[in-house]
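A.B. asks: Below are the structure tokens for one structure; questions will follow.
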Amino acid sequence: MDLPLAETCFISTALCNAGFTFTEEPSERAGKSDGYCSRILRAQGTRNEGYNEFRLRVEGDPENYQPGSTYRVTLYASSPAYFRGFTLIALREGREGDKEEDYAGNFQIIDEEDTQFMINCPPAVTESTPRRRTRIQVFWTAPPSSSGCVTLKASIVQKRIIYFQDEGSLTKRMCEKESLYGETTEKPLLDCCACGTAKYRVTFYGNWSEKVHPKDYPRRANHWSAIIGASHSKNYVLWEYGGYASEGIKKVAELGSPVSMEEEIRQKGDDVLTVIKMKAQWPAWQPLNVRAAPSAEFSVDRTRHLMSFLTMLGPSPDWNVGLSAEDLCTKECGWAQRVVQDMIPWDAGTDNGVTYESPNKPTVPQEKIRPLTSLDHPQSPFYDPEGGAITPVARVVVERIARKGEQCNVVPDNVDDIVADIAQEEKEEDDTPETCIYSNWSPWSACSSATCDKGKRMRQRMLKAQLDLSVPCPHTQDFEPCMGPGCSDEEGSTCTMSEWITWSPCSMSCGMGLRSRERYVKQFPDDGSVCTLPTEENEKCIVNEECTPNSCLVTEWGEWDSCSATCGLGMKRRERMVKMPPPDGSICGAEVLEVEKCMMPECHTIPCMLSPWSDWSDCSVTCGKGMRTRQRVLKSPVELGECTEDLEQVEKCMLPECPTDCMVSEWTEWSECNKSCGKGHMIRTRMVKLEPQFGGDSCPETVQRKKCKIRKCNRGGGQGQVNSDEKKRRKEAREKRRSKQGGRQGEETTSPAEHPGCKMRPWSSWTDCTKLCGGGIQERLMTAKKRLKSAQLPSCKDRKEIRACNVYPC
């Protein structure tokens, strides 16, 4: 069988153990690729299609991949199928796999006892040892942006059959996910070609709440720890997937303390431009109209154009979210305008806990940082037996707010935010220790001077908690100089505005229309007054006064209608009329209706009046696992609107395990008779296959005996002799009974091994069992020690006993 180049990596090491032989022939490309799966392997075997017996799956079953994101890839067989070997590769679409650049992304080994990288094809993953298996897992990190579509392909080796699949269950095709937020960054650019500096604002929106992530949500202590990060160069890595957590990362991940992490960052000197810090959030989620999302500002330049940060999900073993080396420098030598990322938690590799409130259990040795997945552990709050994607717990928005210096971007920027100066980054840096928990500052009071004489104004905050008494907490009052309204030494009551951006295109393609331009407030008045300078200008514009014959004359736009929504997002419209149709009688091509989105104040859920929850119903089963429910009733009037609260809850319940009866095997054949003549017995056995559990029926007998008679034994002497011997035997028996009653005991006279007319040796030890399990037989013998002259032959014959042994199942 000749395999094409696209499948040259699809040869598992298990083939050698399955009886295959290979011959290697240099391909035409061998000289070019030099070791990247560049040979054609010829295998003597059978090639089949895998169909649905085997399946390759990417966690969450995504149709698109996010560049740089990590996914769990699973290859498994449906019961009762299995496989001995496999090979897994990721190819760029349309590539053959004979060059290094043909491969997309990188695999990461999860279990080295199960998987390894292929020796003769480094980008491929194969089995470590050939054996029967039904499932393997690896991580795959998607390639960077602009890599196009990728195909994950697997081969399966089962006995002497190789299963390939170019389409179907052993192949997964994914294309790059398109950006939803305009210009973003490629990650990471090794060298930045942008000029000047840029200033950004990063805002953190936590979405970790009981409503979005209900499983085992910690209601009392949920919070986000203080956010810590930096803008930095490529020479410094705060954290990354596949790396190990530093001591500072460990302190954030396990304790939520950013102190050590900040020390590590500041020790990096010129590799760091700005330290990024935001306050902790208790509780983890509140509506934005109650608590504003935390934010911080930072700067980047050509050498320090990466941004990283992290924050702990608390309580948790060592779970965090954050960005790692987010590159804000674009390939067009400009600065990214906006970056939006939804975030899932990652594990720092320092604690073995699997639930939010697992007890501390250090991971020894320390493991690598990795993203959490929905298949990590059944007790995990993010567990999904179907392997779906984890719902994001946060979103971070990074927005450019200003640029300074000469810019050299190849593609013109559509936002004019170049300023003459960028204020020193940390002029308002808050030096409050993380162990001091304060309320927000109150608004500034009115100035103590109502004239242009200098006065003071004050603001206050409340100390809510001091977590470490050895660390002093700063003041709770703040003062600053001020003057009466309209007075300022430095004209502080004036607004500082940005330059106007360029005019928008004219609203008309023919004739008279409107165009607009905007600017923004760079600095509000120091006295707290409102800035009244306009931020938008409109003016009339005329395009192509000599319009074509089908042009028409229209009126000015009317006023906008009211928003269609009373709260939240809605639509509004405005109209204008045709004053003069085209001279040729054709239809006027000008727009006479315009529609745009409008945003009203945030919608608030109508309060619901609900009855208390009812008692839980009985479990749906009488034993084992089941479900139970409880309900409540809506008491508020229907006229108030629809109530969105749940009226029924369902949870799992567990009753005592269901009884399991004993199970036994079939009877064995009867054994041989234990006597060679006369009356004896035979036995047969059966073994216990399953012991009774949880009150199930007990096991029946496992050994049975029945009588057997081979032939009559030969007796010596005449009938008279027999009667005489019988009398003598009875007399000896009476004497033995008298001896026992009189307390005279002796081994020779009372031993059960004595028989009339002879003395017998004691029973021998039992022989070894004939079977180790499943029911065997043991024997023991009794032989004559001394034969009296009057003894008859049958009385002094050697004796044998048989018993069952090792009756438990194998």
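A.B. asks: What number of residues within the range 335-372 are in contact with a strand residue (DSSP E or B) (Cβ under 7 Å, 6 or more places away or on another chain), of a type in the set (S, T, N, Q) and within 21 Å of residue 208 (Cα to Cα)?
C.D. replies: Total meeting the criteria: 1.
A.B. asks: Please list, ordered by first then second residue, the pairs with beta carbon atoms under 7 Å, 6 or more apart or interchain, first in the range 269-290 and closer than 15 Å to residue 301 by Cβ, second surrounded by fewer than 22 Cβ atoms within 10 Å (Cβ to Cβ) and aromatic (Phe, Trp, Tyr).
C.D. replies: 271/236; 272/236
A.B. asks: Taking residue 309, is it under 30 Å from residue 145 (Cα atoms) and in contact with a Lys or Arg (Cβ under 8 Å, 6 or more places away or on another chain)? Full working, then the answer.
C.D. replies: Details: under 30 Å from residue 145 (Cα atoms): yes; in contact with a Lys or Arg (Cβ under 8 Å, 6 or more places away or on another chain): no.
Criteria not met by residue 309.
A.B. asks: Tell me whether the range 700-713 contains one or more residues that are modelled with pLDDT of 80 or more and hydroxyl-bearing (Ser, Thr, Tyr).
C.D. replies: yes
A.B. asks: Sort through 241, 200 and tell me the only one that's touching a strand residue (DSSP E or B) at 6+ places or on another chain (Cβ under 8 Å) and not in a loop (DSSP other than H, G, I, E, B).
C.D. replies: On the way: 241 fails: not in a loop (DSSP other than H, G, I, E, B).
Among 241, 200, only 200 is touching a strand residue (DSSP E or B) at 6+ places or on another chain (Cβ under 8 Å) and not in a loop (DSSP other than H, G, I, E, B).
A.B. asks: Here is a check on your reading of the model: is residue 584 touching a Lys or Arg at 6+ places or on another chain (Cβ under 6 Å) and either modelled with pLDDT of 70 or more or farther than 30 Å from residue 402 by Cα (or both)?
C.D. replies: Numbers: touching a Lys or Arg at 6+ places or on another chain (Cβ under 6 Å): no; either modelled with pLDDT of 70 or more or farther than 30 Å from residue 402 by Cα (or both): yes.
Criteria not met by residue 584.
A.B. asks: Can you confirm whether the range 336-348 contains a residue that is in contact with a Cys (Cβ under 6 Å, 6 or more places away or on another chain) and assigned to a loop (DSSP other than H, G, I, E, B)?
C.D. replies: Within the range 336-348 (the criterion being in contact with a Cys (Cβ under 6 Å, 6 or more places away or on another chain) and assigned to a loop (DSSP other than H, G, I, E, B)), the answer is no, since none of the residues qualifies.
A.B. asks: Go over the candidates 309, 298 one by one and state the one that is surrounded by 19 or more Cβ atoms within 10 Å (Cβ to Cβ), assigned to a strand (DSSP E or B) and in contact with an Asp or Glu (Cβ under 7 Å, 6 or more places away or on another chain). Reasoning before the result, please.
C.D. replies: On the way: 309 fails: in contact with an Asp or Glu (Cβ under 7 Å, 6 or more places away or on another chain).
Exactly one of 309, 298 is surrounded by 19 or more Cβ atoms within 10 Å (Cβ to Cβ), assigned to a strand (DSSP E or B) and in contact with an Asp or Glu (Cβ under 7 Å, 6 or more places away or on another chain), namely 298.
A.B. asks: Of all residues in the range 322-344, which are hydrophobic (A, V, I, L, M, F, W, C) and under 20 Å from residue 295 (Cβ atoms)? Can you show your working first?
C.D. replies: Taking the range 322-344 first, the residues hydrophobic (A, V, I, L, M, F, W, C) are 323, 325, 328-329, 333, 335-336, 339-340, 343-344.
Correct list: 323, 328, 335, 336, 339, 340, 343.
A.B. asks: From the list 183, 167, which residue is open to solvent by 50 Å² or more (accessible area, probe 1.4 Å), under 30 Å from residue 236 (Cβ atoms), modelled with pLDDT under 85 and not basic (Lys, Arg)? Lay out the reasoning, then the answer.
C.D. replies: On the way: 167 fails: under 30 Å from residue 236 (Cβ atoms).
Within the list 183, 167, the selection yields 183.
A.B. asks: For residues that are within 22 Å of residue 506 (Cα to Cα), at pLDDT 75 or above and part of a loop (DSSP other than H, G, I, E, B), scanning just the range 561-581, find the one that is most open to solvent (accessible area, probe 1.4 Å). If you could, list the steps in order and put the result at the bottom.
C.D. replies: Restricting attention to the range 561-581, the residues satisfying the condition of being within 22 Å of residue 506 (Cα to Cα) are 572-581.
Adding the requirement that they be at pLDDT 75 or above leaves 572-578.
Imposing the further condition that a residue be part of a loop (DSSP other than H, G, I, E, B) reduces the set to 576-577.
On the way: 576: 23, 577: 134 Å².
Step by step, filter the range 561-581, then rank; the result is 577.
A.B. asks: Looking at (1) within 30 Å of residue 459 (Cβ to Cβ); (2) modelled with pLDDT of 75 or more; (3) touching a Lys or Arg at 6+ places or on another chain (Cβ under 6 Å), find the lone condition where residue 496 falls short.
C.D. replies: Single failed check for residue 496: (2).
A.B. asks: Follow-up. Please go through the range 135-155 and pick out each residue that is hydrophobic (A, V, I, L, M, F, W, C), open to solvent by 10 Å² or more (accessible area, probe 1.4 Å) and not in a strand (DSSP E or B). Please lay out each step first, then the result.
C.D. replies: Restricting attention to the range 135-155, the residues satisfying the condition of being hydrophobic (A, V, I, L, M, F, W, C) are 136, 138-140, 142, 149-150, 152, 154.
Next, from what is left, pick out any that are open to solvent by 10 Å² or more (accessible area, probe 1.4 Å): 139, 149.
Residue satisfying the conditions is 149 alone.
A.B. asks: Same structure, new question: Contact list please: Cβ distance under 7 Å, first residue in the range 694-713 and outside any loop (DSSP other than H, G, I, E, B), second residue open to solvent by 90 Å² or more (accessible area, probe 1.4 Å), pairs at least six apart or on different chains.
C.D. replies: Close Cβ pairs (under 7 Å, with a partner that is open to solvent by 90 Å² or more (accessible area, probe 1.4 Å)) amount to 707/679; 709/679.
A.B. asks: I've got another one for you. Looking at the range 92-109, which of its residues are farther than 11 Å from residue 151 by Cα and free of Cβ contacts under 8 Å to residues at least 40 places away in the same chain?
C.D. replies: The answer is 101, 106, 107, 109.
A.B. asks: Identify all residues within the range 247-282 that are open to solvent by less than 40 Å² (accessible area, probe 1.4 Å) and closer than 23 Å to residue 110 by Cβ; write none if there are none.
C.D. replies: Across the range 247-282, the qualifying residues are 249, 253.
A.B. asks: Further question: Pick out the one residue from 398, 419, 411 that is among the hydrophobic types (A, V, I, L, M, F, W, C) and modelled with pLDDT of 85 or more.
C.D. replies: Working: 419 fails: modelled with pLDDT of 85 or more; 411 fails: modelled with pLDDT of 85 or more.
It is 398.
A.B. asks: Moving on to the next point. Take the conditions modelled with pLDDT of 85 or more, surrounded by fewer than 19 Cβ atoms within 10 Å (Cβ to Cβ), closer than 18 Å to residue 389 by Cβ and of a type outside the set (Phe, Trp, Tyr) and apply them to residue 106. Does it pass?
C.D. replies: Working: modelled with pLDDT of 85 or more: yes; surrounded by fewer than 19 Cβ atoms within 10 Å (Cβ to Cβ): yes; closer than 18 Å to residue 389 by Cβ: no; of a type outside the set (Phe, Trp, Tyr): yes.
When the stated conditions are applied, residue 106 does not pass them.
A.B. asks: Which is under 21 Å from the mean Cα position of the chain (by Cα), outside any loop (DSSP other than H, G, I, E, B) and not hydroxyl-bearing (Ser, Thr, Tyr), of 276, 249?
C.D. replies: Numbers: 276 fails: under 21 Å from the mean Cα position of the chain (by Cα).
On inspection, the qualifying residue turns out to be 249.
A.B. asks: If the requirement is being under 29 Å from residue 76 (Cα atoms) and surrounded by 19 or more Cβ atoms within 10 Å (Cβ to Cβ), which of these qualifies: 327, 347? Full working, then the answer.
C.D. replies: Numbers: 327 fails: under 29 Å from residue 76 (Cα atoms).
Testing whether each residue is under 29 Å from residue 76 (Cα atoms) and surrounded by 19 or more Cβ atoms within 10 Å (Cβ to Cβ) leaves just 347.
A.B. asks: While we're on this one: Report yes if some residue within the range 78-91 is without any contact (Cβ under 8 Å) to a residue 40 or more places away in the chain, among the hydroxyl-bearing types (Ser, Thr, Tyr) and not in a strand (DSSP E or B); otherwise report no. Quick ask: steps written out before the conclusion?
C.D. replies: Initial filter on the range 78-91 (without any contact (Cβ under 8 Å) to a residue 40 or more places away in the chain): 78, 80.
Narrowing the set further to residues that are among the hydroxyl-bearing types (Ser, Thr, Tyr) leaves 78.
Pick out the ones that are also not in a strand (DSSP E or B) and you get 78.
Yes, because at least one residue in the range 78-91 is without any contact (Cβ under 8 Å) to a residue 40 or more places away in the chain, among the hydroxyl-bearing types (Ser, Thr, Tyr) and not in a strand (DSSP E or B).
A.B. asks: Now, a different point. Inspect all residues belonging to the range 315-322 and state whether any of them is in contact (Cβ under 8 Å) with a residue 40 or more places away in the chain, of a type in the set (Asp, Glu) and closer than 29 Å to residue 222 by Cβ.
C.D. replies: Looking through the range 315-322, at least one residue is in contact (Cβ under 8 Å) with a residue 40 or more places away in the chain, of a type in the set (Asp, Glu) and closer than 29 Å to residue 222 by Cβ.
A.B. asks: Also, I was wondering about something else. Could you pull out the residue among 544, 550, 538 that is modelled with pLDDT of 85 or more and surrounded by 11 or more Cβ atoms within 10 Å (Cβ to Cβ)? Outline the logic, then answer.
C.D. replies: Working: 544 fails: modelled with pLDDT of 85 or more; 550 fails: modelled with pLDDT of 85 or more.
Matching residue, one of 544, 550, 538: 538.
A.B. asks: Mind counting the residues in the range 354-388 that are in contact with a Lys or Arg (Cβ under 6 Å, 6 or more places away or on another chain) and open to solvent by 10 Å² or more (accessible area, probe 1.4 Å)?
C.D. replies: Here is the first cut: in the range 354-388, the ones in contact with a Lys or Arg (Cβ under 6 Å, 6 or more places away or on another chain) are 373, 381.
After this cut, where a residue has to be open to solvent by 10 Å² or more (accessible area, probe 1.4 Å) as well, the list is 381.
Residues flagged as in contact with a Lys or Arg (Cβ under 6 Å, 6 or more places away or on another chain) and open to solvent by 10 Å² or more (accessible area, probe 1.4 Å) within the range 354-388 amount to 1.
A.B. asks: For residue 76, only one of the following conditions fails: (1) under 20 Å from the mean Cα position of the chain (by Cα); (2) on the phi > 0 side of the Ramachandran plot. What is its number?
C.D. replies: (2)
The values are calculated or read from the model by the stated rules, or taken from the named source; none is laboratory data. The structure displayed is predicted, hence computed values, not measured ones. Cβ: placed from backbone, ideal geometry, glycine included. Neighbour counts: every protein chain shown. These accessible areas exclude ligands, DNA and RNA; they are computed on the full protein's heavy atoms, side chains included. Shrake-Rupley method; radii C 1.70, N 1.55, O 1.52, S 1.80 Å.
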